[in-house]
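> Sending over a structure as structure tokens; questions will come in a sec.
Every number here is computed from the coordinates shown, using simple stated rules; none is lab data. Computed from a predicted structure; not experimentally measured. All Cβ positions, even for glycine, are placed from backbone atoms using ideal geometry, and neighbour counts span all protein chains on display.
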Amino acid sequence: MSVKGPKRCAIIPVMLLALIVGYAGSGVAQNVRKPTPHDVVNPPLCSNNSGETVLFLERNEGRSPVAAGMAVRDASGKPVVFRFNYAATPAEFQRFIDRHECAHHQTGDVDRPHPPRNSADHLMNESISDCIAILRLRDEEGFNRDGFNRVTAVMRSEMTKIGFPEISISSRIRNIDTCFSKYGPPQDFVRGILKQRGLPQE
Ligand SMILES: [Zn+2]
């Protein structure tokens, strides 16, 4: 099997943006309160559409106050999710990022050509991963509307902190709300995506 180049999820540009913002704002750094670290949750079970187990690996280099995830194949070709700075965000949002990144493996995104950043196809992949993440939290972790509200409140504050416009934030949350309110089980949704893409599924 050939090893594909890294596939970066939309959460990564967020991190880069945070670095830029951090650099530009370094003159007032002493006024920025250090975030209180949160306990890091156990990762969920995750396997890709070929049935390979996905490993979750902590990456805490740097001092970014922003938690992020990345779904890739590592140098040896194994499917992994890198968990960056998870202690920077509350448990509910850590759980959401894990499942969002896992979804990029479940739907085969990681092994497909990466669409241009911010293209319609790219945004569609992100919406699909968001959808699978919230469905798993709903059906596997018992998140009710309160849980949904906690996840999206943190999402809103994290996205605001790094400069996303309100329209991006509200449309992302609206998509997640539609999935949470109207869609069936996550495995059915994943199956539908793989079928639509003509990809094999385990
Ligand atoms: Zn993503």
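> In 10 Å bins starting at 0, how do the alpha-carbon pair distances of the stretch 11-197 split up by percent?
9, 37, 39, 14, 2, 0
> Here's a follow-up. On a full-extension model of 0.36 nm per residue, what is the gain between residue 120 and residue 170, subtracting their alpha-carbon distance, rounded to one decimal in nm?
Gain on stretching residue 120 to residue 170: 16.3 nm.
> State, to one decimal in nm, how far the label point of residue 146 lies from the label point of residue 52, with both points 7 Å from Cα in the Cβ direction.
4.1
> While we're on this one: With +1 assigned to the C-beta of every Lys and Arg and -1 to the C-beta of every Asp and Glu, and no other charges, what is the dipole magnitude of the stretch 11-197 about the Cα centre in debye, to the nearest 20?
My answer is approximately 260 debye.
> I would also like to ask the following. According to a simple spin-label model (label point 7 Å from Cα along Cα-to-Cβ), what is the distance in nm between residue 139 and residue 178?
My value for the distance between the label points is 1.9 nm.
> Among 108, 43, 164, whose Cα projects farthest towards the positive end of the dipole of the stretch 11-197, with charges put on the beta-carbon of Lys, Arg (+1) and Asp, Glu (-1)?
164
> Okay, moving on. Under the classification rounded if a/c is under 1.5, otherwise prolate if a/b is larger than b/c and oblate if not, where does the stretch 114-166 fall, given a ≥ b ≥ c as square roots of the Cα gyration tensor eigenvalues?
Oblate shape, in that a/c is at least 1.5 and b/c is the bigger or equal ratio.
> As a footprinting exposure proxy, order 177, 130 by other Cβ within 10 Å, with the fewest listed first.
Least to most surrounded, the residues fall as 177, 130.
> Sticking with this structure for a sec: Using 0.36 nm times the number of residues separating residue 157 and residue 195, minus their current alpha carbon distance, what extension gain do you get?
Here the segment from residue 157 to residue 195 would lengthen by 10.2 nm.
> Test of understanding: ordering 194, 45 by Cβ neighbours within 10 Å, fewest first, what list do you get?
If I rank by nearby Cβ atoms, fewest first, I get 45, 194.
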